[in-house]
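Let me begin by presenting the structure, written as structure tokens, before commenting on it.
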There are 2 protein chains.
Amino acid sequence: MYNHTPAMVLALDIGGTKSFVGLCRPDGTVLAVRRIENRFDGAAAYWSALLDVVDELLTEKVGGKSLFHMAGIGFGGPIGRDGRLRSLHVGGWDGIDLSGDIGRRFGLRSTLGNDGNVAALGELTYGAGRGLDSIVYLTVSTGIGGGVIEQGEPLLGQRGLAAELGHIALYPDGPECSCGGRGCLEALASGTAIGRRLREALAAEGASQEALAAFPGAKEVFAAAAEGCPTARRVLDACLSDLARGLASIFNVFDPPVMVLGGGVPMAGDALFVPLRREMVPHVMRFRRGDVDLRPAQLGEYSVLLGAVALAMQA
Amino acid sequence: MYNHTPAMVLALDIGGTKSFVGLCRPDGTVLAVRRIENRFDGAAAYWSALLDVVDELLTEKVGGKSLFHMAGIGFGGPIGRDGRLRSLHVGGWDGIDLSGDIGRRFGLRSTLGNDGNVAALGELTYGAGRGLDSIVYLTVSTGIGGGVIEQGEPLLGQRGLAAELGHIALYPDGPECSCGGRGCLEALASGTAIGRRLREALAAEGASQEALAAFPGAKEVFAAAAEGCPTARRVLDACLSDLARGLASIFNVFDPPVMVLGGGVPMAGDALFVPLRREMVPHVMRFRRGDVDLRPAQLGEYSVLLGAVALAMQA
């Protein structure tokens, strides 16, 4: 008897602080998913634990590997065109062969992409860019990363390191950036930066260390601004103005049909998007201002996971 | 008798201030070329004059049109994906059908591109990027324009308006830009901007109108700096620092194998490129600094003309 099993995809979103392992359908339905916090000492232990979760999930949910046709992997760091992993935040990925390990252990052919590009593909295929063939996607979270897809093709660059959209310079003497530059978009408007800028402003006003500790990131800054704190309002306005100027430059360079913002900071919703659109437009070339379409991501924390599904389906 | 005529290409570089009409071989050899200054009242008269030059050149050099297989056109303004011309600097191009007119009058199939993209293709095919499949090209001249080719494909954007590399914002309160924005790369480091910034600096030092008139553009500023004028040196350093920061952002976004600078300003040679490379590197992401390859264009004033040849050959 021939068994008509629906095609399924194993999807991995490997991030610096957490990962998701999912079983999904090609239409983007998530059938089962596991979230794994990175509490491991080094990449090898982390990766080994992720493989064990894959094993458990396959055993538990589908009783084996034979239902699976392919796997997709979104990796949280730059990937060279040679396939070499280069994560900046977590060491030790260098010698690990993700696709090879998945193939050997589960007999699956897998496709690998940088998480920014993969999230862009996820939103384009199943989310905010559905029906289009091009997208500029930015994740505004701990850092600012991104992905660009132009007429179905990801922008990779010579070394696979393109679309570092968080590393455009907005001020000559801005704050130091983790990349070694100065005044980058990421150093001014990531969740981390928004929190830091409020803490700096409060410290300048003489706030206690205890008071500063109440503002670790963007979420608390949005909340304080909404409650009427004038310092939080002022800092947030400055951060959004910088983000807007960065987005306008990116718009001028790519002329995308849609720009999609994902990650933690855009969870603020209208409190982010309304001022952001207003501040962005004056920096866009005059005759193109009517073309700006800035949208929140629709896939929540699964932009990368579902992008990995789409990546596997393309292969 | 069968006549083995070598394939030839009619190439047009249509610019706001001047145009070139050339007869070229597919290998990039320019067999004959005419330069036409734009002294016309409106686009229709200018285009009509260009068509007459094409006619003369064909009649004079090859005695007719039958030797020609194709034409390529680089146009100095944005071109919508619908083929509509949108030059910002010269009005009246809107209703003109360049390819249609060339087809009707000379029986040639022609291909049309924005001059930034076409120049990028020219340098990639015959110039500074020969042997590569990707390039970021900037023309630094009256304005700053550009073109990006990634793995053989030009970056066009949704409306054909991508790669406006002169319109990334480097300062929140920088000088007004012709695009309607503020602090754009073009408003800080184009030839026009370099001249303006020196005139502003000299005016602030109390220079006469006559003295200011000696510095219409970048060429005179480079000359004054070379002769030891401290104001010119200071202004030029500031302009090159801004240009460097813009180039670093563009590098981070595109990860190109090579960045090529054409147009008038890069004619300054080492006086431009030596400080520019030095200033650019600290703004590039730390682990990518060794990958920066910034080169002068090799095709001089024929980047667009020869790009038009390559464009025709692709079609």
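The values are calculated or read from the model by the stated rules, or taken from the named source; none is laboratory data. Since we're looking at a predicted model, the values are computed, not measured. For neighbour counting, all protein chains shown are included, and Cβ atoms are generated from backbone atoms with ideal geometry for every residue, glycine included. Quick note on the areas: whole protein, heavy atoms, side chains included, nothing else; ligands and nucleic acids left out. Shrake-Rupley method; radii C 1.70, N 1.55, O 1.52, S 1.80 Å.
In this label model, B:Ile96 and B:Arg109 are separated by 2.5 nm, measuring between points 7 Å along each Cα→Cβ vector.
Distances from B:Asp97 to itself in the other copies, using label points 7 Å out along the Cα-Cβ axis, amount to 5.8 nm in increasing order. For A:Gly63, the label point sits 7 Å beyond Cα toward Cβ; its separations from the matching points on the remaining copies run 8.4 nm, from shortest to longest. Need one word for chain A: rounded, prolate or oblate. Basis is the Cα gyration tensor (sqrt eigenvalues a ≥ b ≥ c); a/c below 1.5 gives rounded, then a/b vs b/c decides. Prolate. In chain B, the longest principal axis of the Cα atoms and the axis of helix B:303-314 are about 40 degrees apart. Label-to-label distance for A:Asp293 and A:Arg130 is 1.4 nm, based on points extended 7 Å past Cα in the beta-carbon direction.
If you take the Cα centroid of the stretch A:143-217 and the Cα centroid of the stretch A:85-135, the two points sit 23 Å apart. Would any residue of the stretch B:300-314 have its amide N under 16 Å from a label point 7 Å out along Cα→Cβ of B:Lys219? List them or say none. Output list for this probe position: B:300-302. Near A:Ala214, once Lys and Arg are set to +1 and Asp and Glu to -1 for all other residues with Cβ below 13 Å from its Cβ, the sum equals -1.
How charged is the neighbourhood of A:Thr17? Take every other residue with its Cβ under 15 Å from the Cβ of A:Thr17, and add Lys/Arg as +1 and Asp/Glu as -1. Don't jump to the answer; show the numbers that get you there.
Working: positive: A:Lys18, A:Arg35, A:Arg39; negative: A:Asp13, A:Glu37, A:Asp41, A:Asp115, A:Glu301.
Net charge around A:Thr17: -2.
Ordered by 1.4 Å accessible area with all protein chains kept, B:Thr29, B:Thr142 run largest first as B:Thr142, B:Thr29. Copy-to-copy label distances for A:Phe273, where each label lies 7 Å from Cα along Cα-to-Cβ, are 4.8 nm in order of increasing length.
Report the net charge of residues surrounding A:Glu150, where surrounding means a beta-carbon distance below 13 angstrom and charges are Lys +1, Arg +1, Asp -1, Glu -1. Let's see the in-between values first.
On the way: positive: B:Arg81, B:Arg159; negative: A:Asp133, A:Glu153, A:Asp255, B:Glu150, B:Glu153.
Neighbour charge sum, excluding A:Glu150 itself: -3.
Leaving ligands and nucleic acids aside, the B/A contact buries around 3900 square angstrom of accessible area in total at a 1.4 Å probe radius.
Straight-line reach only, C-alpha to C-alpha below 15 angstrom: list the aspartates and glutamates that A:Lys219 could link to, leaving out same-chain residues fewer than 8 apart. Filter leaves A:Glu227, A:Asp237, A:Asp270.
So if a site counts as exposed when it's one of the GluC sites (Glu not before Pro), its DSSP state isn't H, G, I, E or B, and it has at most 13 other Cβ atoms within 10 Å, what's the longest stretch of chain B without one?
Working: sites that count: B:Glu205, B:Glu227.
Result for the longest clean stretch: B:1-204.
Quick one: plug the Kirkwood hydrodynamic radius of the protein assembly as shown (C-alpha pairs) into Stokes-Einstein at 37 °C, 0.692 mPa s, and report D in µm²/s.
Numbers: Rh = 26.3 Å.
It comes out at roughly 125 µm²/s.
Between A:Val274 and A:Ala7, the modelled label-to-label distance comes to 4.4 nm, taking each label 7 Å out from Cα in the direction of the beta carbon.
Charges at C-beta only: +1 for Lys and Arg, -1 for Asp and Glu. How large is the resulting dipole of chain A about its Cα centre, in Debye rounded to 20? Please report the intermediate quantities before stating the final value.
Values: 29 positive and 34 negative charges, 63 e Å.
Here the size comes out at about 300 debye.
Would you mind getting me the FRET efficiency between B:Gln314 and A:Asp237? Use the beta-carbon distance for r and R0 = 60 Å, nearest 0.05.
Numbers: r = 48 Å, r/R0 = 0.80.
Plugging the Cβ-Cβ distance into 1/(1 + (r/R0)^6) gives 0.80.
Can you work out the accessible area per residue across the stretch B:222-313, with the rest of the protein chains kept in place, probe 1.4 Å, in square angstrom? Please list the in-between numbers first.
Values: 3170 Å² over 92 residues.
Heavy-atom SASA per residue in the stretch B:222-313 reads 34 Å².
A Förster radius of 35 Å combined with the Cβ-Cβ distance from B:Asp82 to B:Asp55 puts the calculated FRET efficiency at roughly 0.80.
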